[in-house]
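Asker: Below you'll find the structure I mean.
The values are calculated or read from the model by the stated rules, or taken from the named source; none is laboratory data. Bear in mind that the values here come from a model prediction, so they are computed numbers and not experimental data. All Cβ positions, even for glycine, are placed from backbone atoms using ideal geometry, and neighbour counts span all protein chains on display. Remember, those area values only see protein heavy atoms, side chains included, never the ligands or the DNA or RNA. Shrake-Rupley method; radii C 1.70, N 1.55, O 1.52, S 1.80 Å.
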Amino acid sequence: MYGTGPRHATAPLLIRNHQIVRQLTGPATLPVGFGGEEPRISEQMLLRGDRVLCFTDGLIEEHEAGEEQFGEEQLIHWVTRRRDPLPDRMARGAVDHLALLG
C-alpha cells in the first residue's frame with residue numbers, strides 16, 4: 001500500500017488478526033494542490049486479510065458538551081473487540097456505537 005500523510009490527519013491503523021499491529025505513520029505534507037513540499041510517498045506491505053482503518057480526528061474527538069472525548073484508546077479497544085471482517089459493517093457498528101454514547 002502506498003500513501004501520503006497530510007499534516008492534520010490521524011495515522012491509519014493496521015489491523016491484522018483482529019489486533020492493531022501499528023499506526024501507519026509517515027512524513028506529513030500539505031494536501032496535494034496546497035503548495036509546500038512535494039508529497040513524500042510511504043509504503044507498507046500488507047498481508048492477505050489485513051485491514052487499514054482510516055479515520056478523522058472528528059471521530060476520536062466526538063463527545064457531548066462537558067463529557068470525555070471518545071478518544072483513540074476507546075476506538076482501538078472497540079476495533080479489537082469486533083470480529084466482523086466486512087468494512088461496511090465495521091463502519092456501521094462504529095456509527096451505532098457513537099450514537100449510543102450521545
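Asker: Restricting the search to the stretch 1-23, which residues are within 23 Å of Glu61 (Cα to Cα), at pLDDT 85 or above and part of a loop (DSSP other than H, G, I, E, B)?
Answerer: Pro12
Table: residues versus (1) on the phi > 0 side of the Ramachandran plot; (2) in contact with a Lys or Arg (Cβ under 9 Å, 6 or more places away or on another chain); (3) open to solvent by 70 Å² or more (accessible area, probe 1.4 Å).
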{"position": "Leu14", "(1), (2), (3)": "no, yes, no"}
{"position": "Asn17", "(1), (2), (3)": "yes, no, yes"}
{"position": "Gly33", "(1), (2), (3)": "yes, no, yes"}
{"position": "Glu37", "(1), (2), (3)": "no, no, yes"}
{"position": "Gly49", "(1), (2), (3)": "yes, yes, no"}
{"position": "Cys54", "(1), (2), (3)": "no, no, yes"}
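Asker: Looking only at the stretch 80-87, decide whether some residue is modelled with pLDDT of 75 or more and open to solvent by less than 90 Å² (accessible area, probe 1.4 Å).
Answerer: yes
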